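The values are calculated or read from the model by the stated rules, or taken from the named source; none is laboratory data. The model shown is predicted, which means the values in this text are computed figures rather than measured ones. A quick note on method: Cβ atoms are made from the backbone with ideal geometry, for glycine too, and the neighbour counts reach across all protein chains shown.
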Amino acid sequence: MLDKLTTEASNPASEALDTKSPLEIVRLINVEDAGVAAAVGRVTPAVALAIEKAVERLRAGGRLVYIGAGTSGRLGVLDAAECPPTFSAPRGQVVGIIAGGAGAMTASVEGAEDRPELAVEDLRAVSFNGNDLLVGIATSGRTPYVLGALSYARSIGAYTVAISCNDDCQLNESADLAIVPVVGPEVLSGSTRMKAGTATKMVLNMISTGTMVLLGKTYGNLMVDLRATNSKLTERARRIVKTLTRLSDTEANELLRRCDGEVKTAIVVHRQGATPEMARQALSQHNGHLRRALGERPDGAD
C-alpha cells in the first residue's frame, strides 16, 4: 500500500510549500537534500558488496544490467550509457533497461511499470543469462515491472541487487542483496525524482565507478581507459598522458597518435621504452591494470 511507504508520506517541513517564496523553496529543498548523502552513507557496506559481485560477474564474461521504470529506469540507462566513453567499457557490458523502451526516456509510457511480464521480455531481448548481475531499481520498492525482472533473474541463476528507498518493502525481499538508502518523505510528497532519485544516482555512480576501478580502468584517480570520442575527451587524454609522462603537448599528441589514442598503451610505451604492441601485450597479461603492467606496487611505490 502506497500510504505505508516513507517516500509517499507528507513531509512536515514542506506542508506550506505553496505559500513560500522562490528563495524559501530553494532553501527548503537544499536542506532536505543535505540528508541524502548521509542516507547513502548508511548503506555503503551493501554497495561495496554489490561492487564485489559485479566485478566477479564481469571478470567471468557476464554483464551488469540495470532495470527500472520511470525515473529509476532513466537513471539506470544514464549510468550504463556513461560507461563506454568514461571507461572504454565494451558496448553491452553495462546495460540499462527501462520499462516502455527507449521512448520512455523522454516521455511517460503509461502502464508499462505495472506489467512484470514485460520485464521478462525485455531481459530476454538482451539475452540476459545466469552469468549476469541484475540491479533492479524501484524507489518505492513495489514496482511490478522490477519485481518481475528480479524474479526471472533469480530463476535462471543470475545475481540480483535491489535498490529502493523504503524499508520493509517487497523489493528488498526479492533480491540476493538489498541497498536501501532511506531518505524520508519528499519535499513534494511522492515525487521520488527528488531525494530518492538523487540517492539512487549516487548509489549507481558508486557501483559503476567502483566496479570499473577494480577492473583496472583507472590509474590513481585518472581515467586512463577513457575513449576519446570528442574534443573534450581528446584533451583529457592528452592531459593525462602529460601528467604521467612529463611530456610536452606536442610530444604527448605524437605518443597518443602512435598508440591509436590509447592512454594506457601510451604510458607503458613511454615508461618502459616498449612498442605499442608490446605495451598492449603487457597490459593484457595484467588484465588491463596499468599499475601492474608498469611493475608498481599497489601503494604506488616501485
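Is it the case, given these coordinates, that Val268 is assigned to a loop (DSSP other than H, G, I, E, B), touching a residue at least 12 places away in the same chain (Cβ under 8 Å) and either among the hydrophobic types (A, V, I, L, M, F, W, C) or not assigned by TED's automatic domain parsing to the domain that holds Pro90 (or both)?
no
Let me spell it out: the conditions are (1) part of a loop (DSSP other than H, G, I, E, B); (2) over 20 Å from the mean Cα position of the chain (by Cα), and Ser140 meets all of them except one. Which number is the exception?
(2)
On the basis of being under 14 Å from Met206 (Cα atoms) and either modelled with pLDDT under 95 or in the same structural domain as Lys195 (by TED's automatic domain parsing) (or both), does Ile67 make the cut?
no
Within segment 1-27, track down each residue that is more than 18 Å from Leu171 (Cα to Cα) and part of a helix (DSSP H, G or I).
Within segment 1-27, Pro12, Ala13, Ser14, Leu17, Asp18, Thr19, Pro22, Leu23, Glu24, Ile25, Val26, Arg27 qualify.
Sort out which residues of segment 135-159 are among the β-branched types (Val, Ile, Thr) and either touching a residue at least 40 places away in the same chain (Cβ under 8 Å) or under 18 Å from Leu75 (Cβ atoms) (or both), and write them in order of number.
Val135, Ile137, Thr139, Thr143, Val146
Can you pull out the residues in segment 28-65 that are assigned to a loop (DSSP other than H, G, I, E, B), among the hydrophobic types (A, V, I, L, M, F, W, C) and either closer than 13 Å to Gly210 by Cβ or touching a residue at least 40 places away in the same chain (Cβ under 8 Å) (or both)?
Answer for segment 28-65, where residues must be assigned to a loop (DSSP other than H, G, I, E, B), among the hydrophobic types (A, V, I, L, M, F, W, C) and either closer than 13 Å to Gly210 by Cβ or touching a residue at least 40 places away in the same chain (Cβ under 8 Å) (or both): Val43, Ala60.
When you look at Val47, is it in the same structural domain as Pro185 (by TED's automatic domain parsing), out of contact with any Lys or Arg (no Cβ under 7 Å at 6 or more places or on another chain), closer than 18 Å to Leu150 by Cα and crowded, with 20+ Cβ neighbours inside 10 Å, yes or no?
Working: in the same structural domain as Pro185 (by TED's automatic domain parsing): yes; out of contact with any Lys or Arg (no Cβ under 7 Å at 6 or more places or on another chain): yes; closer than 18 Å to Leu150 by Cα: yes; crowded, with 20+ Cβ neighbours inside 10 Å: yes.
Yes: the conditions hold for Val47.
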